Amino acid sequence: IASCGKHFPGYSAATRDAHHELPTINRTRAELDREELAVFREFTGRDDSPGRPTNCVDSMMTCHGWYPCFEPKKTPATLSRRVVTQLLCEEMGFEGLI
């Protein structure tokens, strides 16, 4: 059984159901850092604490929403290099399945 974190980078500010239309997540980067990304950092980040695994979840499901603070053009996070590669993998150090 593999674990999965979702919905990266955060879905609590969505006002639309992503199953039916692309929601716009109007949060600043600072708001996301404080309110959403802090949770993901707890189980994705680089942490050299003894006994703590590099990644605490095996996989990550992305949110299919548009985050204007990352992508100026209307692009779902699922397809965003800035969100998936730069934020999740490079900045947060996630190495699991996406």
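All of the numbers you see were taken from the coordinates with simple rules; none came from a lab. Quick caveat, the model's predicted, so the values are computed rather than measured. Every residue, glycine as well, gets a Cβ built from its backbone with ideal geometry; the counts of neighbours run over all protein chains shown.
Quick notes
- Largest-first principal axis extents of the Cα set of the chain (Å): 42, 30, 21
- Peptides 12-20, 77-85 ordered by packing proxy, namely the average of other Cβ atoms within 10 Å per residue, highest first: 77-85, 12-20.
- Loop-located GluC sites (Glu not before Pro) in segment 1-38, at most 16 other Cβ atoms within 10 Å (DSSP): Glu21
- With each label modelled as a point 7 angstrom along the Cα→C-beta vector, the Glu42-Glu21 pair spans 3.3 nm.
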